[in-house]
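*Asks:* Before I ask anything, here is the structure I am working with.
The values are calculated or read from the model by the stated rules, or taken from the named source; none is laboratory data. The shown structure was predicted, so the numbers you read here are calculated from the model rather than taken from an experiment.
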Amino acid sequence: MIGLAAALVSLVLSFLLVKANQELDANRRTIADQRASIDQLHAENGRWQALAANPVKPGAQPTPSPTVPSGQQLRSGSLVLPFLNCVDLDTPAAENWRMTTPDCRGGADLLLGQDIEGIRAASGAAHRIPGGKGSFEECARVGQTSEPIPYSHVFLETQICARTSEGNVALLQVVAAVIAGHPDKITFNVTVWAR
């Protein structure tokens, strides 16, 4: 009887030990998967920091099309720009402003960068215009800068003038944003004029 009880206890302990080892292996696999995801996020973050530190610099400013007079409105509308996304402000008929994520190449004009970076123009030209009129003339004076517009300077009705990758002039007015560190998205009213 004692031998049978000892065998039963041994069997139960063996079963519990096998079960515990299976759970431990499952936890190790979950932790390894999480570490791989974190490593991938770190790699993406490093790539974004490299892009932010070395924004696309245009060569000579493109000349405007002779068929479109300087100052003529090319496009306007609402733009909802999520965090870590880029848009092309130049293409008149582009659906959703040719939004891309996260690779800001191929004519991308504006991006919401890492929380410490803020709003950045791919052309290197974007300035906040405090109390501005929001006119073509005001935005046409925007010069080159390597500095992003920090999120701490972006509020409801903030006006941002930017030069696009094709040399056009854009006005972006913030109409909705929730910014705590970095925004999930910012909604702009956008007007783009021919340079």
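*Asks:* Anything in the range 139-161 that is under 16 Å from residue 117 (Cα atoms) and either of a type in the set (A, V, I, L, M) or in a strand (DSSP E or B) (or both)? List them, or say none.
*Replies:* 149, 154, 160
*Asks:* Restrict the check to the range 141-162 and report whether at least one residue is more than 24 Å from residue 183 (Cα to Cα) and either modelled with pLDDT of 80 or more or among the aliphatic types (A, V, I, L, M) (or both).
*Replies:* yes
One line per residue, one yes/no per condition, for (1) assigned to a helix (DSSP H, G or I); (2) at pLDDT 65 or above:
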| residue | (1), (2) |
| --- | --- |
| 48 | yes, no |
| 51 | yes, no |
| 59 | no, no |
| 74 | no, yes |
| 81 | no, yes |
| 89 | no, yes |
| 102 | no, no |
| 108 | no, yes |
| 115 | no, no |
